[in-house]
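The numbers here are math on the coordinates, done by the rules we state, and not lab data. None of these values were measured; they are calculated from a predicted model. Quick reminder, even Gly has a Cβ in these numbers, built from the backbone with ideal geometry, and neighbours come from all protein chains shown.
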């Protein structure tokens, strides 16, 4: 019974090692963007976020005014 436990422990260690090796190989496949592209994408995301925030704020105000008109 002890022999089975020892062999299972080795298999788990090998499995973990194999998993980490696979993870490392996957990280090596990642292609990171350069700083210029990253800066451009960051600006675009920020601008779109601000535009959407303004649009949602305007729509929220309009809906609130509409509800206030209905209630009065």
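Figures for the structure shown
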read-out: Packing-based ranking, highest mean first, of 22-32, 58-68 given that Cβ atoms within 10 Å are counted; value: 58-68, 22-32
read-out: Cα-based Rg / Dmax (Å) for region 31-72; value: 18.0, 59
